[in-house]
1. Where both partners of a DSSP beta bridge lie in the chain, what percent of those bridges are antiparallel, to the nearest 5?
2. Springs between alpha-carbon atoms under 10 Å, Gaussian network over the chain: tell me which of ILE236, ILE41, ILE247 tops the mean-square fluctuations.
3. Name the trypsin sites (Lys or Arg not before Pro) in the range 138-247 that are in a loop by DSSP and that have at most 14 other C-beta atoms within 10 Å, would you?
4. Cα centroid distance between the range 157-171 and the range 1-43, in Å?
5. Please check: in the Gaussian network model of the chain (C-alpha springs, under 10 Å), which one of ILE257, ILE146, ILE28 has the largest mean-square fluctuation.
6. Rounded to whole Å, give me the distance from the Cα center of the range 62-120 to that of the range 193-259.
7. Give me the number: length gained by fully extending LEU138 to HIS255, i.e. 0.36 nm times residue separation minus the C-alpha to C-alpha distance, one decimal in nm.
8. How long is the gain from SER235 to ASP51 if the chain were fully straight, where each residue apart is worth 0.36 nm and the alpha carbon distance is subtracted?
Amino acid sequence: MDRISDKVSIVIPAYKEGKHVFTSLQLISSHIASVCDEYEIVVVDDGSPDDTWEQLLLSTKVIRHLKIIRLSRNFGKELALCAGLENANGDAVIIMDADMQHPPHLIPQLIATWKTSNADIVECVKRKRGTETLKNKLGAKLFYGIISKLTGYKLEGASDFKLLDKKVLLAWSSMAERNTFFRGMVAWLGFQKEQIEFDVEERVEGSTSWSIFSLTKLAIQAVVSFSTFPLRIVSIIGVITFLASIILGIQTLHHKIIGSAVTGFTTVILLQLIIASIIMVSLGTLGEYIAAIYNEVKGRPRYLISQRVQHENAKVYSN
Ligand code: UDP
Ligand code: MG
């Protein structure tokens with residue numbers, strides 16, 4: 001494709017990627033340099049305990065247009081991504097992972113699709129998931145199944161590997177919530193979309209840093225920030241139990257009146273268990289929403305930056 005004059009930013013969150021981040025960045029930078037004159041690569045070190053930051057510092061000596069940002073601790077991928085996006089100032093932004101699961105050779109195609117179609121968002125959709133363990137596959141199915149049922153957004157196959165036009169980024173930055181679920185937010189934004197299919201590559205090194213806990217947390221966050229359906233379920237369960245208890249009450253009274261009062265504790269115990277569990281579930285759901293409100297109300301910064309460095313040839317590092 002022809003070279004373009006627009007400025008493109010590539011944003012990459014990195015956590016414990018020290019072993020290969022330098023080679024990944026070299027490859028990414030060669031692909032972007034093949035189509036763009038003006039570009040920047042913004043890497044956010046999400047408080048990695050390994051040598052990621054040192055490797056990034058070394059990279060800034062070699063890789064042109066590289067800007068690196070270090071967060072003060074591990075804030076999680078979502079917030080590292082926020083930090084990167086808020087520090088990117090291209091006409092378009094490409095978001096990708098540092099572990100090469102998002103093939104860098106698609107960068108020119110992403111840019112070409114953005115330039116030739118009317119699309120404001122070019123998404124890379126996973127054709128097949130890499131050879132993941134059955135547990136992860138099931139986890140992903142369950143995760144996306146629940147989210148699409150509850151929120152109405154079809155996110156299956158969606159990845160964070162995408163290009164956003166500057167106007168989408170501007171719209172995104174007007175979403176003030178602190179509990180961010182990036183894929184969901186982009187789905188909510190709308191705009192003209194194009195899709196490119198890609199095969200998820202193997203992780204070059206290391207293992208995924210998602211644990212069952214962090215995935216569950218992300219799933220709850222996704223549901224709570226995009227749907228109030230769980231709250232409605234609580235009300236529905238409330239109504240059903242109310243009706244059931246009226247019927248049970250009438251029956252018990254009836255037994256009493258005709259003189260065959262209920263014997264034994266079974267009913268009592270069962271009822272107690274059921275009611276207690278319904279109350280627990282309801283309280284838990286309410287708690288989730290209150291926690292979400294609490295987090296938003298605290299109004300804390302989403303992340304904190306401890307250091308910024310850039311390649312010496314890069315343009316003045318604004319903001
Ligand atoms: N990541 C991050 N902070 C974290 C966990 C992950 O910035 O706390 C980055 C990681 O370096 C990678 C991307 O997010 O670039 C995706 O992470 P990973 O490969 O572990 O997840 P998966 O590919 O399994 O979704
Ligand atoms: Mg990965």
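Every number here is computed from the coordinates shown, using simple stated rules; none is lab data. All values derive from a computational prediction rather than experimental measurement. Because the Cβ atoms are built from the backbone with ideal geometry, glycine has one as well, and the counts that use them run over all protein chains shown.
1. Values: 13 of 36 bridges.
Here the antiparallel bridges make up roughly 35 percent for the chain.
2. With Cα springs under 10 Å in the chain, the top fluctuation among ILE236, ILE41, ILE247 is at ILE247.
3. Values: sites: LYS141, LYS149, LYS154, LYS162, LYS166, LYS167, ARG178, ARG183, LYS193, ARG203, LYS217, ARG232; in loops: LYS154, ARG178, ARG203.
Here the sparse-neighbourhood loop sites are LYS154.
4. 16 Å
5. Looking only at ILE257, ILE146, ILE28, the biggest GNM fluctuation is shown by ILE257.
6. 33 Å
7. Working: separation 117, 0.36 × 117 = 42.12 nm, distance 4.93 nm.
Gain in length upon complete extension: 37.2 nm.
8. On the way: separation 184, 0.36 × 184 = 66.24 nm, distance 5.04 nm.
Stretched out fully, the SER235 to ASP51 stretch lengthens by 61.2 nm.
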